[in-house]
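The values are calculated or read from the model by the stated rules, or taken from the named source; none is laboratory data. The structure presented is a predicted model; accordingly, all values stated were derived computationally and were not measured. Methodologically, a virtual Cβ is constructed for each residue, glycine included, from the backbone with ideal geometry; neighbour enumeration extends over all protein chains shown.
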Amino acid sequence: MKYSKVVNTPNFALTLWATVFFTVLTTAFAQLYSIYSSPIHNSHRGSITIAIGIVVLTVFLFVLFFGIRPLLNKLVLEKKQLQTHADTDPLTQLYNRRAFLLAFERELNFQRRGVSGIATLVLMDLDDFKMVNDTFGHDVGDDVLRGVAKTLRNNIRLTDVIARFGGEEFIVLLPNTDLDAASLLCSKIRDYLKEDSANYAPQSALSITTVSMGIIALSYKLSFHEHLTQVDKALYKAKHGGKDCIETVIGN
């Protein structure tokens, strides 16, 4: 590890500032011991003691506000960044599966406690995405995924939770949304994807991007796996019903 990297590490900085303060503190005590051991008049001792105390306090405040405090702020920021990286898909900047599962379980708990009402789960899969990778390459495929993620993010509410579930699959949690409202939203998203397709990979001759979707209403009596199994069947039906369509699970 290079010296500059070592110097910039939090542990090194904390050790450095602590060393500075304790060096000053040790020196101050040594000076006080020397003063009280010497034949100095008591009135002078008091003045010198106050002066040394002011110096120590000044150094302490300097270390606190210019050393320790910024370091603690940096550590808090780094912790937040690590948490963000742990919850975010690096390609699309959407939530990853782990973060989505936490949000899903939280919504189920709200339902169990009667805090929230109906909610829906949407599973969507880009149609013929393998052909995009095979024809135009994975770089274009990545551009498409990023573009789709942006379209999805721009057309859902702040309270909705969207994640890249894996590959070309995306999953959306819609709190306080019934099946009819979810179907309407999904129809709009499907149209937005077609409109935005030309901007996903302008360097290629990519055709319109379409998506198939499955929708299911949440029930706190079912686990995430049970929800996923049922909505995946709806998605499968949409895929084999001509693609670019939406299927809904009724009566889960």
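Can you tell me which residue in region 106-132 is surrounded by the most Cβ atoms within 10 Å (Cβ to Cβ), limited to those that are in a helix (DSSP H, G or I) and out of contact with any Phe, Trp or Tyr (no Cβ under 7 Å at 6 or more places or on another chain)?
My answer is V132.
So in region 89-105, with the set limited to residues that are in a helix (DSSP H, G or I) and among the aliphatic types (A, V, I, L, M), which one is nearest to V144 (Cα to Cα)? Outline the logic, then answer.
Step one: filter region 89-105 for residues in a helix (DSSP H, G or I), giving 97-105.
Filter once more, keeping what is among the aliphatic types (A, V, I, L, M): 99, 101-103.
Details: A99: 23, L101: 25, L102: 27, A103: 26 Å.
That would be A99.
Look at E195 and say whether it is farther than 16 Å from E107 by Cα, charged (D, E, K, R) and modelled with pLDDT of 90 or more. Spelling it out, E195 is indeed farther than 16 Å from E107 by Cα, charged (D, E, K, R) and modelled with pLDDT of 90 or more.
In the set T177, T151, which member is in contact (Cβ under 8 Å) with a residue 24 or more places away in the chain and more than 28 Å from Q111 (Cα to Cα)?
The conditions single out T151.
Selection of region 155-166 for residues being out of contact with any Phe, Trp or Tyr (no Cβ under 7 Å at 6 or more places or on another chain) and either among the charged types (D, E, K, R) or modelled with pLDDT of 95 or more (or both) yields R157, D160.
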